[in-house]
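Peer 1: One structure, pasted below without further comment.
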Amino acid sequence: MSSALQRRRRGVTRTETQGHLELDGRRIPCLLRRSSARRSLAMRVEADGRVVVLLPLRLPDGPLMAFIQRHADWLRRQLDRVAAFQDPWHEGGRLPYLGGDLHLTRAEGVIHPCRDGDRLLVSDPATARPAVLGWYKAEAREILGARLAAICSAHALALPPWRLSEARTRWGSLSARGVVGLNWRLVMAPASVIDYVICHELAHFRERNHSPAFWRAVAALCPDHATARRALRQNGGWYFQF
């Protein structure tokens, strides 16, 4: 590994080391993020195929390499999935949808994209991108609106006005006028992630910050919000490829 960077904040020491790891004869970009606050290891694959490993500050290389080898099969699957999503515009290309995959499929006589089970039917996969993005946004308007209404009803909250967002870095927002913004790409994520983002924005009606009081408000609406946040952090980069 090389290119180490160290930071210290609020008594927590963090380092980042960039380099590569070997898997099946491939050199894969890897970033080690060490923290004195961590007690366990975790690993994720970014949308660009880079592997990020989170680990305790002083963990030796031996346990680190054993951890990577133990999860080699998972790592292969994730890398293959990233590669499939990086260029989906061909017959059989994979498109994320509600936490699963749709396979882009050529179908004669199809004018607008339409879903058939785990297939998304289009006239020509190579030129389907604009039409497919339009299909995603139409799906998002229906699904996100329904989830927002259901969550507000379940918690006896007034249904706020909302809009689809095109943001490139944010999943949700709450305007000064009380309009909720929800990124259309959320329709690619599992329902639990969609619900978390909605609850996050609804909690901002009570707390316009990210204080402990805000996170208590989120937990009251979405008890398993931490799991959904991790899933969005891990997979969000893939969704932003679109």
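Peer 1: Per residue of the chain, what 222 nm ellipticity follows from adding -39500 (n - 2.57) for every DSSP H run with n ≥ 4, rounded to the nearest 500?
Peer 2: Computed ellipticity for the chain at 222 nm equals -12000 deg cm²/dmol.
Peer 1: Using the count of nearby Cβ atoms within 10 Å as a rough guide to exposure, how do CYS30, CYS152, CYS114, CYS199 rank from fewest to most?
Peer 2: Result, fewest neighbours first: CYS114, CYS152, CYS30, CYS199.
Peer 1: Given R₀ = 45 Å, what would the calculated FRET efficiency be for ASP61 paired with ARG81, taking r from the Cβ atoms and rounding to 0.05?
Peer 2: Here the calculated transfer efficiency is 0.95.
Peer 1: Give the dimensionless ratio obtained when the Cα radius of gyration of region 60-191 is divided by 2.2 N^0.38 Å.
Peer 2: For region 60-191, the normalised Cα radius of gyration is 1.34.
Peer 1: Here's another thing I want to ask about it. From a point 7 Å beyond the Cα of GLN241 in the direction of its Cβ, which residues of region 31-66 have a backbone N at a distance under 15 Å?
Peer 2: So the set is 45-51.
Peer 1: Regarding region 87-130, what are the three Cα extents along the principal axes, ordered largest first, in Å?
Peer 2: The Cα atoms of region 87-130 stretch 28, 21, 16 Å along their principal axes.
Peer 1: For the chain, just the Cα set please: Rg and Dmax, both in angstrom.
Peer 2: In order Rg, Dmax, the Cα atoms of the chain give 20.4, 63 Å.
Peer 1: Moving on to the next point. Any cysteines in the chain with zero other Cys Cβ atoms under 4.7 Å from their Cβ? List them, or say none.
Peer 2: Result for the chain is CYS30, CYS114, CYS152, no neighbouring Cys Cβ within the cutoff.
Peer 1: Can you work out the FRET efficiency for the pair ASP73 and ARG106, with r the C-beta to C-beta distance and R0 = 35 Å, to the nearest 0.05?
Peer 2: Result of the calculation: an efficiency of 0.60.
Peer 1: Follow-up question, since we're still on this one. For region 137-231, report the convex hull volume of the alpha-carbon atoms normalised per residue, in Å³, without decimals.
Peer 2: 96
Peer 1: Using a Förster distance of 35 angstrom, determine the FRET efficiency expected from the C-beta separation of SER123 and ALA47, and round it to 0.05. Could the numbers behind the result be given before it?
Peer 2: Numbers: r = 28 Å, r/R0 = 0.79.
So, using R0 = 35 Å, E works out to roughly 0.80.
Every number in this text was worked out from the coordinates using simple rules, so none of it is lab data. From a predicted model like this one, the values you see are computed outputs, not experimental measurements. Counting neighbours? That spans all protein chains shown, and the Cβs are built from the backbone with ideal geometry, glycine included.
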